[in-house]
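Working notes, structure below.
The values are calculated or read from the model by the stated rules, or taken from the named source; none is laboratory data. A quick note: this is a predicted structure, and the numbers were derived from the prediction, not measured. Virtual Cβ from ideal backbone geometry, glycine too; neighbours counted across all protein chains shown.
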Amino acid sequence: MSHVTTHVLDSVHGRPAAGVHVRLLHGTEELGTGVTDADGRVAVGPDRLQPGTYQLVFATGEWFADRGIATFYPEVRIAFGIDGDPHYHVPLLLSPFGYSTYRGS
């Protein structure tokens, strides 16, 4: 299992956001990529990561464009710190003109 998972929810329509491209970065190094499944979930990156600062990058502009919806955010970048826990879950609640995130379980 990946050390990092995410769940993207389309908060406008109240359902999972399937088909969002997601990348995991450490600095400029790309550690993994994936696309959210029908439930809006994806695991990215290796099963273990060293402590440090990482980023999840969501291709939100592409996802909204595919649905014919204008958006203010061409991408969402979430920086977060890893301190040795075995798993990190970083959900994204998404709308065309805003987003929210938190540390999930």
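Could you give me the residue pairs with C-beta distances under 8 Å whose first residue belongs to the stretch 80-104 and is closer than 24 Å to G52 by Cβ, whose second residue is among the polar types (S, T, N, Q) and modelled with pLDDT under 95 wherever it lies, and which are 6+ apart or on separate chains?
Close Cβ pairs (under 8 Å, with a partner that is among the polar types (S, T, N, Q) and modelled with pLDDT under 95) amount to I82/Q50; H89/S105.
Specify which of the listed residues (T53, T60, T28) is among the hydroxyl-bearing types (S, T, Y) and touching a Gly at 6+ places or on another chain (Cβ under 7 Å).
T53
Which condition does I69 not pass, out of (1) within 16 Å of F97 (Cα to Cα); (2) under 9 Å from the mean Cα position of the chain (by Cα), if it passes all the others?
(2)
State which residue pairs qualify: first residue over 12 Å from V8 (Cβ atoms) and without any contact (Cβ under 8 Å) to a residue 40 or more places away in the chain and inside the stretch 20-46, second residue among the acidic types (D, E) and assigned to a strand (DSSP E or B) in any location, beta carbons under 7 Å apart, and separation of 6 or more residues or different chains.
Within 7 Å, the pairs are R23/E30.
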